[in-house]
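Below is one structure; the comments refer to it alone.
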Amino acid sequence: MTDVIHLLPDHVANQIAAGEVVQRPASVIKELLENAIDAKASTIQVYIKEAGKILISVIDDGSGMSITDSRLSFERHATSKIKTAEDLFQLQTKGFRGEALASIAAIAHVELKTRREEDEVGTCIKIEGSEITSQEVCVTAKGTSISVKNLFYNIPARRNFLKSDTVETRHIIDEFQRVALAHPGISFSLVHNVGELFNLPASNYRQRITNILGGKSNEKLVPVNEETEILKISGFVGKPEYAKRTRGEQFFFVNDRFIKSPYLNHAVSAAFEGLLKDRAYPSYFLYLQVDPKSIDINIHPTKTEIKFDDEHALYAILRSAIKHSLGQFNVAPVLDFERDPNLDTPYNYENKRASTPQVEVDRSFNPFKNEALTSSNFKSNFKKESSSWEGLYTGLQSETIGNDDVDVRQIEFESEEVTGNLFGASKTEEAQSSTFQLNKKFIISTLKNGMLVIDQHRAHTRILYEELLKSITVSAAVSQQLLFPLVLQFNQQETELLKGIKDSLEQTGFIFSEITSNSAEIIGIPTSISESEVEMLLEQLLVDFQNEVPENNFSHTDLLAKSLAKSMAVKSGNLLNFTEQQHIVNGLFACKEPSLTPFNKPVFITLPVEELEKKFM
Ligand code: ADP
Ligand code: MG
C-alpha cells in the first residue's frame with residue numbers, strides 16, 4: 001500500500017485556519033482594526049455594506065508596507081510582530097500570529113493598497129481565495145487600505161450561517177466599540193451602507209466613552225484610579241443609580257486589549273455590593289495595565305480571555321480601588337431604592353393629630369355575677385364567634401354557597417363550582433373561585449378532583465402576552481398621558497432600534513413625541529405600567545431585540561409582546577391580594593394557550609386527589 005499522508009495545499013490550510021479566526025464579518029473588522037492600530041495609525045475609517053457581507057473596508061494612515069512586505073503579509077505565519085518565542089511573553093502589539101490576513105484572503109476577495117511615507121508610490125494587490133490575481137504599483141495615500149468583499153464566497157455553508165444584517169451589524173458595532181474604547185487617542189469612524197454610525201474624534205477616555213454611549217453618560221461616570229506594583233488601574237464605573245438591567249456596558253481592557261473576565265467582573269460586583277437594586281449590573285470601563293510577562297493572552301483563539309499570574313491580588317486591588325472611588329465621590333448607598341409607596345403616610349393624614357386611644361369600661365360589669373354563663377348563653381356566644389371566624393374566610397368561599405353552616409357537603413359543592421368556573425362557566429361565577437397565595441410565588445386554586453398550582457409570574461406573562469399581541473395587531477391599547485414628557489437617554493444603536501419598533505410600541509400604549517440619535521421623548525405609556533418602570537422596560541426590550549433580532553414582521557411583533565409581557569408581569573416575591581389572584585386565574589383561563597408561557601415553560605401544574613391520597617397511605 002502506498003503512503004497516505006500528504007501536506008495540505010496552502011489554500012486549504014488557510015481556509016481551515018480561517019474557520020478559527022473569522023467567524024463572521026465582525027471578526028474581520030476586529031483583525032483589520034488591530035492591524036491598523038499596530039501600524040500606529042492616528043485615523044481609522046471603516047466602511048461596511050450590508051453588515052459586512054458585501055464589503056468591509058478599513059483605511060488607516062499608519063506605517064504602510066513595502067512591496068515585499070505587502071506580498072508577504074498574506075502568507076500564513078507571516079508577521080512583523082514577533083521573531084522568537086520569547087517575544088510572546090512581552091507582547092506590545094495586538095497581533096502576533098500572522099494568520100489574519102492569510103485567513104481572510106482565503107475566504108474572500110481582498111484588495112490591499114498600501115504605501116509607506118518614504119515611498120513615492122504604493123502597492124496594490126488583489127487576492128481571491130489565497131490566489132494573487134494582480135499586483136501593481138499604484139498611487140495611494142500613506143497608510144493602508146484593505147477591502148474585503150464577498151466574505152465566505154467560497155464557503156456557502158458559512159455564508160448561509162450568517163445571521164440577519166441587524167445581528168451581524170451589532171457584532172460589528174460591538175467589536176468596533178471595544179477597539180475604539182481602548183484607543184481614545186485614535187480617531188475612528190464607522191459607516192454602514194450610507195449612514196454614519198460613529199464618528200469619534202481623538203480625545204481622552206472619558207470623552208470617548210461619552211461619545212460612544214451618547215447622552216448624558218458623562219455625569220454617570222465615577223473615576224477609578226489606582227497604582228500598585230503589579231497593577232495600574234484607570235477608568236470609570238457607572239454610578240449605582242444608573243446601573244443597567246443588562247451587562248451591556250461592562251468593559252475590561254488589559255494592556256489596551258478588550259478582555260472578558262468573569263473573575264474580575266466579580267470583583268467589581270463585590271465593590272458594588274449593597275449599592276445596587278436586584279438584577280442590576282453596574283457599568284464599568286476599566287483599563288488595567290500589567291506587566292505583559294504576567295499574562296497569557298494565548299489561551300483563546302479569538303483572544304478575549306486571558307490568564308493572569310496573580311489573579312487573587314488583582315481581584316483584591318480592583319475591588320478596593322472601586323470601593324474607594326465610590327466612597328470618595330460620595331456615591332452613598334442608595335437607600336429607599338424601591339420604597340414601597342404604601343408605607344408612606346397618605347397626604348390627608350399628614351397634618352392630623354394623633355388621637356389618644358379611648359378605653360371603654362363597662363362599669364356595670366360584675367365578675368362575680370355568673371348568670372352570664374348559662375349553657376344557652378354559652379351556645380349563642382359560640383355561634384357568634386364561629387360566624388365571625390367564618391368571616392375571615394369569606395374571601396376563600398364561594399358566595400353561591402349558603403354560608404350559615406360549614407359542613408362537608410359544602411366543601412364538595414364548592415370544589416365542583418370551581419371546576420365549572422375554570423373550564424367554561426360564566427365570568428361572574430369565575431370570579432368566585434377560591435384561591436390563595438403560597439410563598440408569594442404560587443397561586444393555589446382548587447379543581448374538581450384536586451389542586452391547581454399556578455406560577456404567578458408565568459401566568460401573568462401569558463395573559464399580558466396575549467393582550468399585547470392583540471393590541472399590536474388588532475386594536476391599539478389605551479395609553480395614559482404623562483404630565484411631563486419623559487426623556488430617556490439611549491445610544492445611537494438603541495435609538496435606531498427604537499425607531500424600527502416605534503409603531504408597534506405605540507400600539508401597546510407608548511406615545512413617542514421625538515426620537516433623536518441619543519434620546520427618546522415619551523409622552524404616553526401603557527395604562528398598566530408606572531412611569532418609573534418605563535426605562536427598565538424599554539432597556540430590557542432593546543436588549544431582547546439586540547440578542548434575538550427578528551427576521552420578519554410576525555416575529556418582530558411576537559418578540560415585542562414577549563419582552564414587554566415578561567417585564568410587566570408580576571414577579572415572584574410580589575404579594576397578591578385576593579382580587580389580584582382572581583384576576584390572574586381568570587385571565588389565565590381566558591387565554592388561548594393557558595398552559596405554557598410564551599417561552600414554552602409550564603404555567604401551572606395540577607395535583608389530583610388520587611396523588612394526594614397516595615401520600616397519605
Ligand atoms: P499579525 O497581525 O498577527 O502579525 P496579520 O496577518 O494580521 O498578522 O498581518 C500580517 C502582517 O502584515 C503584520 O505583521 C504587519 O506587518 C502587516 N500589516 C497588516 N496590516 C497592516 C496595516 N494596516 N498596516 C501596516 N502593516 C500591516
Ligand atoms: Mg493582525
Give the cross-link partners of residue 614 among the lysines, using a straight C-alpha distance below 22 Å as the criterion and excluding same-chain residues fewer than 8 apart. 448
Can you tell me the length gained on complete extension of the stretch residue 154 to residue 475, counting 0.36 nm per residue apart and subtracting the Cα distance? 110.7 nm
As a test of understanding, state the convex hull volume per residue of region 483-611 from its alpha carbons, in Å³. 148 Å³
Between residue 241 and residue 203, what is the spin-label point distance in nm, taking each point 7 Å from the Cα along the Cα→C-beta axis? 2.3 nm
For region 80-213, just list the percent of Cα-Cα distances falling in each 5 Å bin from zero outward, please. 2, 8, 12, 14, 19, 20, 16, 8, 2, 0
Pairs of lysines 8 or more apart, or on different chains, with alpha carbons under 23 Å: count those in region 51-196, would you? 16
How high is the FRET efficiency from residue 11 to residue 482, r the C-beta distance, R0 60 Å, rounded to 0.05? 0.45
Quick check: pseudo-label points 7 Å beyond the Cα along Cα→Cβ at residue 278 and residue 163, how many nm apart are they? 2.9 nm
Can you pull the three principal axis extents for the Cα set of region 446-556, in Å, largest first? 58, 36, 25
Cα-derived Rg to Rh of region 205-328, Kirkwood definition: 0.95
Can you work out the FRET efficiency for the pair residue 131 and residue 84, with r the C-beta to C-beta distance and R0 = 30 Å, to the nearest 0.05? 0.45
Report the extension gain between residue 194 and residue 311 in nm, rounded to one decimal, defined as 0.36 nm multiplied by the number of residues separating them, less their alpha carbon distance. 37.6 nm
Alpha carbon centroid spacing (whole Å) that separates region 95-118 from region 1-64: 7 Å
Using R₀ = 51 Å, calculate the FRET efficiency as 1/(1 + (r/R₀)^6) where r is the Cβ-Cβ separation of residue 328 and residue 118; round to 0.05. 0.55
Run the paramagnetic zone check for residue 554: 7 angstrom along Cα to Cβ, then residues of region 572-611 with backbone nitrogen under 20 Å. 592-594, 596-601
Projected-area average for region 72-153 over all orientations - Cα convex hull basis, square nanometres: 6.1 nm²
Report D for region 555-617 in µm² per second (integer): Stokes-Einstein, Kirkwood Rh on Cα pairs, 20 °C, 1.002 mPa s. 150 µm²/s
Scan region 561-600 for trypsin sites (Lys or Arg not before Pro) in coil per DSSP, keeping those whose Cβ has at most 10 other Cβ atoms within 10 Å, and list them by number. 592
Treat each spin label as a single point 7 Å out from the Cα along the C-beta direction, and report the residue 439 to residue 606 distance in nm. 2.2 nm
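Coordinate-derived values only; no laboratory data. Since we're looking at a predicted model, the values are computed, not measured. Cβ sites come from the backbone with ideal geometry, for glycine too, and all protein chains shown count toward neighbours.
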